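K.L.:
Quick one: the structure is below, and I'll ask about it shortly.
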2 protein chains.
Amino acid sequence: MRKIDALCVSGEAQPLIEGDMKIRGELKQIGVVHSPYQERMGAPSQGRHTNEESTLEVFADYEPALLDVEQCSHLIVLYWQDRANRSILQTRTPWGPEVHGVFATRSPNRPNPIGLCVVKLVEREGRFLKVQGMDALDGSPLIDIKPYSHHIDSVQDARVGWHKRGDIKAKK
Amino acid sequence: MRKIDALCVSGEAQPLIEGDMKIRGELKQIGVVHSPYQERMGAPSQGRHTNEESTLEVFADYEPALLDVEQCSHLIVLYWQDRANRSILQTRTPWGPEVHGVFATRSPNRPNPIGLCVVKLVEREGRFLKVQGMDALDGSPLIDIKPYSHHIDSVQDARVGWHKRGDIKAKK
């Protein structure tokens, strides 16, 4: 059984469904990514294994939600890839000429361009988190931060069959 | 250098930023989760290690985006926790009486209640994906599907310091 007690701040939950087939509503920007990458051509395809540091700035309104985040060695960061093309459903990748559905790739171009990076938390200073492993472009809106759990998030034997090496690897 | 060629479908990319501080816009519902969990009390805190099967129904408009997804052994599924409370910034968890910031927990209650599950893909039948490992409530809107890559998504030595065992574990 699950029970969660909660401290609330002002503001009400907003149901996001109108009709049966749509989510409408507002994604809240909780902060902004400060990264070394000004444009896509300079950004790594996947940031995980870069040593470059980015800073996640969480807006002051959301700073209470960071309590104890410094106790997490790694984080899952969700951000909005605001320069992506949301109309693309199939795409080529940097790894070959074949066309794949975007749900079988990590392309930023997808119906909901939510970027996901697993990052190492280097340091927290107030509402600023210095991290390694982001591939987000500078200025990308932050939308969520979650603690990474190796128990629930790590799968050693996962395979991506369309990739010739059986997995999507970091490639600059 | 990164270069992506793309097949487009109708519809234009929609910039989501208005002003400096806000994301406004529409999350597109790409499908729906059919799960055995009708209410939160019956759902696992984390679905990863359950054997229960859920079915991800992708709407017909987005079926082309599934091309080759059956080649992925595991997927990252993002869904909208439409019954969550978006105003909560700090919360207790099922693991203890301490209060943590929601960004240091996996609570569904958070500013943007985007649920994230790493699932095993059991079977694809057209636009229906049978998966193991979801904890989403029945009827939750689907918002993204990504291939899981052990190279970029798996961190064996991650630690969550506030948890007495050093990690967030599945708990029914």
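K.L.:
Of the conditions (1) touching a strand residue (DSSP E or B) at 6+ places or on another chain (Cβ under 7 Å); (2) facing another protein chain (nearest Cβ under 9 Å); (3) not acidic (Asp, Glu), B:His150 fails just one. Which one is it?
P.N.:
Among (1) touching a strand residue (DSSP E or B) at 6+ places or on another chain (Cβ under 7 Å); (2) facing another protein chain (nearest Cβ under 9 Å); (3) not acidic (Asp, Glu), B:His150 violates only (1).
K.L.:
May I pose another question? Could you list, in sequence order, all residues of the range B:105-147 that are more than 7 Å from every other protein chain (Cβ to nearest Cβ), under 25 Å from A:Ser45 (Cα atoms) and in contact (Cβ under 8 Å) with a residue 60 or more places away in the chain?
P.N.:
Listed by number, the residues that qualify are B:Cys117, B:Val119, B:Leu142.
K.L.:
Can you say whether A:Asp68 is at pLDDT 95 or above and either surrounded by 23 or more Cβ atoms within 10 Å (Cβ to Cβ) or within 8 Å of another protein chain (Cβ to nearest Cβ) (or both), as far as the supplied structure shows?
P.N.:
yes
K.L.:
Something else about it: Search the range B:39-60 for residues being more than 18 Å from B:Gln81 (Cβ to Cβ) and at the interface with chain A (Cβ under 9 Å from one of its Cβ atoms), and hand back the single one that is surrounded by the most Cβ atoms within 10 Å (Cβ to Cβ).
P.N.:
Once the filter is applied, the top-ranked residue is B:Val58.
K.L.:
Another question about this same structure. A:Glu63 - would you say it is under 19 Å from B:Ala84 (Cβ atoms), outside any strand (DSSP E or B) and either at pLDDT 95 or above or facing another protein chain (nearest Cβ under 7 Å) (or both)?
P.N.:
no
K.L.:
Going by the conditions given, is A:His34 within 17 Å of the chain's Cα centre (by Cα), surrounded by fewer than 24 Cβ atoms within 10 Å (Cβ to Cβ) and more than 15 Å from A:Ser140 (Cβ to Cβ)?
P.N.:
Judged against the criteria, A:His34 is not a match.
The values are calculated or read from the model by the stated rules, or taken from the named source; none is laboratory data. None of the values given here were measured: they were computed from a predicted structure. Cβ: placed from backbone, ideal geometry, glycine included. Neighbour counts: every protein chain shown.
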